[in-house]
1. Return the pair list, or none, for Cβ contacts closer than 7 Å from residues in segment 93-108 that are farther than 23 Å from residue 82 by Cα to residues that are surrounded by fewer than 18 Cβ atoms within 10 Å (Cβ to Cβ) and among the aromatic types (Phe, Trp, Tyr), at least 6 apart or on different chains.
2. Show me the strands (runs of 3 or more DSSP E) found entirely inside segment 39-85 where at least 3 residues are open to solvent by 50 Å² or more (accessible area, probe 1.4 Å) and either among the charged types (D, E, K, R) or modelled with pLDDT under 95 (or both).
3. Those residues that are of a type in the set (A, V, I, L, M), surrounded by fewer than 18 Cβ atoms within 10 Å (Cβ to Cβ) and either on the phi > 0 side of the Ramachandran plot or assigned to a strand (DSSP E or B) (or both), I need them from segment 1-33; list them, please.
4. Can you pull out the residues in segment 26-53 that are touching a Lys or Arg at 6+ places or on another chain (Cβ under 7 Å) and more than 17 Å from residue 88 (Cα to Cα)?
Amino acid sequence: QVQLAESGGGLVQAGGSLRLSCAASGRTFTQYTMGWFRQAPGKGREFVGAIRWSDRYTYYADSVKGRFTISGDNAKNTVALQMNSLKPEDTAVYYCAARYRGAVDYAYWGRGTQVNVSS
C-alpha cells in the first residue's frame, strides 16, 4: 500500500553534489525505516543508508559515510539523500525503499533514478 517515487538524479562532475528525494503515497513514513540503495551496471544492489523514522536514527554504508546524508520531512512524506563529494564510482541507479518496523525485508521500492558522475 506504499508507493515510492525518486527524483533528483542527473549528471554531475566528480566532486560535485546532488540531492535525491523520495516521495511516498498511500501511507506515511511514521512506522517505517526508509532506505536508499544503488545498483551500478553489472553489479548487485548495494545498501547506501537508511533512516529509522520513529527517532530519525540514520546509518550508512562505509563507502558513503561522511559524504552522504539522509534526512526526512514528516510533513511532506519525503526522505532526501544529500550526496556530496561525488566520485565516479558513485554512478548507479539509486532506489528508495521502505521497510515496516519489525519486518525483515524492504517490501516497497521506487523505480529508481539515474546518477552519473563523470571524472
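The values are calculated or read from the model by the stated rules, or taken from the named source; none is laboratory data. Remember, it's a predicted structure, so these values are computed and weren't measured experimentally. Positions of Cβ are backbone-derived with ideal geometry, glycine not excepted, and every protein chain shown enters the neighbour counts. Calculation scope for accessible area: heavy atoms of the full protein, side chains included, ligands and nucleic acids excluded. Shrake-Rupley method; radii C 1.70, N 1.55, O 1.52, S 1.80 Å.
1. Listed pairs, sorted by first residue: 107/100.
2. Counting at least 3 such residues, we get 45-52.
3. Within segment 1-33, 5, 11, 12, 23 qualify.
4. So the first thing to find is which residues in segment 26-53 are touching a Lys or Arg at 6+ places or on another chain (Cβ under 7 Å), and the list is 31-33, 35, 37, 39, 46, 48.
Answer for segment 26-53, where residues must be touching a Lys or Arg at 6+ places or on another chain (Cβ under 7 Å) and more than 17 Å from residue 88 (Cα to Cα): 31, 32, 33, 35.
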